[in-house]
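The values are calculated or read from the model by the stated rules, or taken from the named source; none is laboratory data. As the structure is a computational prediction, the values presented were derived from the model and not from experiment. Backbone-built Cβ (ideal geometry, glycine too); neighbour counts: all protein chains shown. Each accessible area value is taken on the protein alone, full model and side chains, heavy atoms only, with ligands, DNA and RNA left out. Shrake-Rupley method; radii C 1.70, N 1.55, O 1.52, S 1.80 Å.
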Amino acid sequence: MPDPAHLPRLDAFLLPKGVYLDGNSLGPLSYGAQAAIERRMRQWQYHGVAGWDDWFGLAERLSGALGKLVGAYPDEVIATGSITVNLHALLATFHGIGDAFGVPAGADGGNTGARPAGTRGGLLATELDFPTDLHALQSWAELRGVPLRLVPSRDGHTLHDDDLDAALGGDVAFALLPTVLYRSGQLLDVRRWSAVARERGVVLAWDAAHSIGALPHHLHDDGADLAVWCSYKYLNAGPGAPGGLFVHRRHHDAIPGLRGWWGHDKATQFAMAPSFTKAAGAGAFQLGTPPILALAGLEGALAVFEDVGIQAVRERSLALTDHLMAQADAELPEMTVVTPRAPERRGGHVALAHPEALRLSLALRRRGVIPDFRPPDLLRLAPVALYNTEADVDRAVATLRELLDTGAHLDEAPGGPVH
Ligand SMILES: Cc1ncc(COP(=O)(O)O)c(C=O)c1O
């Protein structure tokens, strides 16, 4: 049991009405984020362009708190972009460094697009990846004329260690894996697969969308090459708030393949030289002017984690998801828990499979319980340590039981996008 003084702060959020179990999709507004956004708005109101005296370097000032969440030195992380943009920026740089293309990292940033004959250049993702990850990798496969290979799934929900092991190698030069799979919630072993990839000369990037803010990471010590994440889920920074990226120190010589003036060395950025002098570390992968009001959401949201500590969040999250899975086993035999059971194999949400999952999710919302749905048949429930309790889980399970007993969900007529 964590020290009660360090238990998550249930009073820190302005929650929407009802039982909010969708923080794995969009985290709620915290008082901290609200105050930070309002403060930055007032700076804009009262100081206009002089606001930049304070806003310049704001992303870099968040790197200490962000680094703690992902287990990285501050110069290895930066709050910027979105997962999609950051993936493109990292692919433009790191697809093809090292022995894969016979080009040492940093010599040309690996971004010439030229592939010497006989060298490896394949890309690897998984069959279960979020679509944007696949779109980004497919773009680079086409641009560079290399294959995109996919790790298969045996059960449609999870990835098997043997399949990952078999896929990491061969002609693959750059791989992207999810830390936590967005549908089933399976958690992969970052340390193990980073070591395997490194040993085989594969650059491995992690999509940490579903793990950042839900569990501790040790990206530096685990030897991860690269990572990307968003901050609108478990970090609660707000819709479309800047995501972030991690670049291990051993790659800090690489020249970004995609460059912009915000990635320039901060000390000389406003000298306006036409040539690019890269910032030290991960900051070099920023592109254009950061959205300060959205970054303020992250600034305020990170303060909540500084207060509580990510270890306490994880312990409480595991207790809540344990409770949810036990309740589902006992009360909802018609639904199948597809999330792996072992704590070291799962993230912060639980996925329940049912052929009518879409109608069930719509009916739950109508009854004040907010879950989400992922096609074809998964209901995802995320009891989040910072603002949910066992009572929220019980209410969701009881409402599902009632729906399954009465069939009332069958009255729902799905139409339009389901977020
Ligand atoms: C695993 C994963 N990757 C990427 C994204 C979205 O990327 P972006 O932040 O670029 O919209 C999501 C969104 O839910 C996601 O779950």
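Could you check how much of the accessible area of the chain is carbon and sulfur, as a whole percent, using a 1.4 Å probe?
Working: 9310 of 16670 Å².
Result for the chain: 56 percent of the exposed heavy-atom area is carbon or sulfur.
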Exercise. Obtain the nm distance between the two label points defined at residue 138 and residue 162 by a simple spin-label model: each point lies 7 Å from its Cα along the Cα-to-C-beta direction.
Key: 3.0 nm
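What FRET efficiency comes out for residue 199 versus residue 318 if R0 is 25 angstrom and r is the Cβ-Cβ distance? Round to the nearest 0.05. Please report the intermediate quantities before stating the final value.
Details: r = 31 Å, r/R0 = 1.23.
Working from the Cβ atoms, E equals 0.20.
Taking Rh as the Kirkwood radius computed over C-alpha pairs, what is the Stokes-Einstein D of the chain at 25 °C in a medium of viscosity 0.890 mPa s, expressed in µm² per second? Present the calculation step by step, with values, prior to reporting the outcome.
Values: Rh = 22.2 Å.
Taking Rh from Cα pairs, D becomes 110 µm²/s.
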Practice problem: Please identify every one of the trypsin sites (Lys or Arg not before Pro) in region 278-332 that sits in a loop by DSSP and has no more than 10 other beta carbons within 10 Å of its own beta carbon. | Solution: none
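Could you size up the charge dipole of the chain around its Cα centre, putting +1 on the beta carbon of Lys and Arg and -1 on that of Asp and Glu, and report it in debye to the nearest 20?
For the chain, the charge dipole is close to 840 debye.
Roughly speaking, what is the stretch gain from residue 50 to residue 189, that is 0.36 nm per residue apart minus the C-alpha to C-alpha distance, in nm to one decimal?
Numbers: separation 139, 0.36 × 139 = 50.04 nm, distance 4.60 nm.
This chain segment gains 45.4 nm when fully extended.
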Self-check item: Calculated from backbone phi, Karplus (6.51, -1.76, 1.60) coupling profile of region 130-146 in Hz, x at Gly/Pro
Solution: 4, x, 4, 4, 5, 4, 5, 5, 4, 4, 6, 4, 6, 4, 9, x, 10
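Taking the Cβ-Cβ separation of residue 311 and residue 341 as r and a Förster radius of 30 Å, what is the calculated FRET efficiency to the nearest 0.05? The partial results should precede the final answer.
Details: r = 21 Å, r/R0 = 0.71.
So, using R0 = 30 Å, E works out to roughly 0.90.
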Quiz item: Under a point spin-label approximation (7 Å from Cα along Cα-to-Cβ), what is the residue 366-residue 334 distance to one decimal in nm?
Solution: 1.5 nm
Quiz item: Under the classification rounded if a/c is under 1.5, otherwise prolate if a/b is larger than b/c and oblate if not, where does region 317-379 fall, given a ≥ b ≥ c as square roots of the Cα gyration tensor eigenvalues?
Solution: prolate
Practice problem: Mind checking which of 321, 21, 206 is farthest towards the positive end of the chain's charge dipole, using Cβ charges of +1 (Lys, Arg) and -1 (Asp, Glu) about the Cα centre? | Solution: 206
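Measuring with a 1.4 Å probe in the full set of protein chains, what accessible area per residue, in whole Å², belongs to the chain? Intermediate results must be reported in sequence, preceding the final value.
Working: 16670 Å² over 419 residues.
That works out to 40 Å² per residue.
Using a Förster radius of 25 Å, what is the FRET efficiency between residue 39 and residue 267 based on their Cβ-Cβ separation? Nearest 0.05, please.
Values: r = 26 Å, r/R0 = 1.05.
The value I calculate is 0.40.
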Quiz item: Once you sort the root eigenvalues of the Cα gyration tensor of region 114-240 as a ≥ b ≥ c, which label holds: rounded (a/c under 1.5), prolate (a/b larger than b/c) or oblate (the other case)?
Solution: prolate
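Top to bottom by accessible area (1.4 Å), largest first, where do 381, 318 land?
On the way: 381 0, 318 35 Å².
Order by accessible area, largest first: 318, 381.
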Practice problem: Specify the residue with the greatest mean-square fluctuation among 228, 77, 19, computed from a Gaussian network of the chain linking alpha-carbon atoms under 10 Å apart. | Solution: 19
Self-check item: Selected from 135, 240, 48, residue furthest toward positive end of dipole (region 34-306; charges at beta carbon)
Solution: 48
Quiz item: Within the chain, what is the longest stretch that has no GluC sites (Glu not before Pro) placed in a DSSP loop and near at most 16 other beta-carbon atoms within 10 Å?
Solution: 128-333
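Find, among the trypsin sites (Lys or Arg not before Pro) in region 130-196, those assigned to loop by DSSP (not H, G, I, E, B) with at most 11 other beta-carbon atoms within 10 angstrom. Each step should come with its number before you reach the end.
Numbers: sites: 144, 149, 154, 183, 191, 192; in loops: 154, 183.
Loop-located and lightly packed - 154.
Could you check what % of the DSSP bridge pairs in region 34-306 are antiparallel, to the nearest 5? Mind dumping the intermediate values first?
Numbers: 10 of 25 bridges.
Just about 40 percent of them are antiparallel.
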Quiz item: Taking H as built 1.01 Å from N, whose amide H comes closer than 5 Å to the amide H of residue 13, not counting residues under 5 places away?
Solution: 31
Quiz item: Setting aside same-chain residues fewer than 8 positions from residue 266, which lysines have a Cα under 22 Å from its Cα?
Solution: 278
